[in-house]
Amino acid sequence: METGLKGKVALVTGSGSGIGKAIALGLAREGVDIAVNDVNQQNAEGTVAEIQGMGGRAMVVIASVAGEAEVKGMVDRIVAEWGGIDILVNNAGLADHLLIEDTEKEEWERVLSVNLSGTFNCSKSVVPTMRQRGGGRIINTISYSGERMTMIGGVSYTSSKSGIWGLTRQLSFELGAYQITVNGISPGNVITPMLKAGTTPQRLEEMKKWYPLQDMPTPEDIADAAVFLASDRARMITGINLAVDGGVTVPIAIGVDWDAYTAIKKERAEKRKEKK
C-alpha cells in the first residue's frame, strides 16, 4: 500500500526505546528520515544505528521536551540540516501511580511539564516549518487514561493525558486550514520489556484476560497506527483519538487493585526516605 511517506522528515520524541522507538523504525521502513529525540544519548544512538542499518537516514537530537528553548533549538537544527519537518510524533512521557493525597506538587509539575507542556512545546515549534511545507502531521501519544478512569492512582498522569487529548482537538481545529492534521493514539497496556520486567508471566496472562481480544498490543501495533496517520491515506482524518488497545476500553473499567497500589505507595515512601 502506497503511503506517500518516502522522503518525508519526522521528529519522534522519546524514541530511544519502547513505543517511540517502534514508531521511529516503522516510519523509517517507509522511507522517512527520522530525527530521534530522547534524553538518553545511548538509547537514541541505538535507534539511529538500527535505522541506518536498514539503509535509512537518522540523526540524534538530545533535548528535554519540557524545555521550550531546548525544543526550539532541536527543531531549528533539524530544519537547518534537513530543510524542514513534515511529521511530529509527540511520544515522550512520564508516568506516576499516586493518589492526590500522596502526590507532591513537585511530582505533579514534573509529569505535566514533560507530558502536556512537552506536547505543547514541540507542536508550537514545528507549526512554522509545516506551514512553509504546505502541511504536515502531528501525532500525539495519549492514553486510554486520557478519556476515562482506568487505574487507581496516577492523578498527574491521567490529568496530563486528558490535557493532551484536549490540545489535540484544539490544534486540529486551529491548524486544519494549513493542511496540518492533528490526531492522537491511545494504547492500552503495551507489552514492552519494561512491562515484562515489572511482572510475572502468569500476571501478564491474567492481564490479557481484561481485553476482549484476549491479548495486549505491542509497540509495533502502535507504530502501525502512527504510520497510517502519518500517511497520505489519512489525509482526511484529524481531531481523533485512535484507540489501539485490544478493546480494553469497551468495558466500563478494569478492576481496582488496591494491593498493587499499596505496594507502589510503600516503595515510593522508602525511596523518599533514602533521598533524605
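The values are calculated or read from the model by the stated rules, or taken from the named source; none is laboratory data. Here the structure is a predicted model, which means the values were calculated and not measured. Cβ atoms come from the backbone with ideal geometry, glycine included; neighbour counts cover every protein chain shown.
Among the criteria (1) exposed (fewer than 15 other Cβ atoms within 10 Å of the Cβ); (2) at pLDDT 95 or above, the one VAL39 does not fulfil is (1). Contact annotation: residue pairs with Cβ atoms under 9 Å, 6 or more positions apart or on different chains, pairing a residue in segment 105-126 that is among the basic types (Lys, Arg) with a partner that is surrounded by 18 or more Cβ atoms within 10 Å (Cβ to Cβ) and assigned to a helix (DSSP H, G or I), are ARG110/SER156; LYS124/VAL71.
The sole residue among ALA35, ALA44, ALA58, ALA22 that is in contact (Cβ under 8 Å) with a residue 40 or more places away in the chain, of a type in the set (Gly, Ala, Ser), under 23 Å from ALA225 (Cβ atoms) and touching a strand residue (DSSP E or B) at 6+ places or on another chain (Cβ under 6 Å) is ALA35. If you check LYS72, LYS124 for being surrounded by fewer than 16 Cβ atoms within 10 Å (Cβ to Cβ) and under 22 Å from GLY184 (Cβ atoms), only one passes: LYS124. Residues that are closer than 22 Å to ARG29 by Cα and in contact (Cβ under 8 Å) with a residue 60 or more places away in the chain: does segment 160-174 have at least one? Scanning segment 160-174 turns up no residue that is closer than 22 Å to ARG29 by Cα and in contact (Cβ under 8 Å) with a residue 60 or more places away in the chain.
For the residues ASP86, ASP96, the requirement of being under 16 Å from LYS161 (Cβ atoms) and within 20 Å of the chain's Cα centre (by Cα) singles out ASP96. Within segment 172-211, the set of residues being hydrophobic (A, V, I, L, M, F, W, C) and surrounded by fewer than 14 Cβ atoms within 10 Å (Cβ to Cβ) comprises PHE173, ALA177, MET194, ALA197.
When segment 162-205 is examined, which residues are found to be at pLDDT below 95 and charged (D, E, K, R)? LYS196, ARG203, GLU205 - these are the residues of segment 162-205 that are at pLDDT below 95 and charged (D, E, K, R).
Scanning segment 13-63 for residues that are in a loop (DSSP other than H, G, I, E, B) and over 12 Å from ALA92 (Cβ atoms) gives GLU30, GLY31, VAL32, MET54, GLY55, GLY56, ARG57. Among the conditions (1) touching a Leu at 6+ places or on another chain (Cβ under 9 Å); (2) surrounded by 24 or more Cβ atoms within 10 Å (Cβ to Cβ); (3) not in a loop (DSSP other than H, G, I, E, B), LEU116 misses just one, which is (2).
Taking the stated definitions as given, is SER123 at pLDDT below 95 and under 25 Å from ASN40 (Cβ atoms)? So SER123 does not fit the description; no.
Evaluating TRP82 against the criteria (1) surrounded by fewer than 20 Cβ atoms within 10 Å (Cβ to Cβ); (2) of a type outside the set (Gly, Ala, Ser); (3) in contact (Cβ under 8 Å) with a residue 24 or more places away in the chain; (4) out of contact with any strand residue (DSSP E or B) (no Cβ under 7 Å at 6 or more places or on another chain) leaves one unmet condition, (4). Taking segment 176-225 as the range and being part of a loop (DSSP other than H, G, I, E, B) and touching a helix residue (DSSP H, G or I) at 6+ places or on another chain (Cβ under 7 Å) as the test, the residues that pass are GLY188, ASN189, VAL190, THR192, GLN214, ASP215, MET216.
The sole residue among SER143, SER172, SER156, SER160 that is touching a Lys or Arg at 6+ places or on another chain (Cβ under 7 Å) and hydroxyl-bearing (Ser, Thr, Tyr) is SER143.
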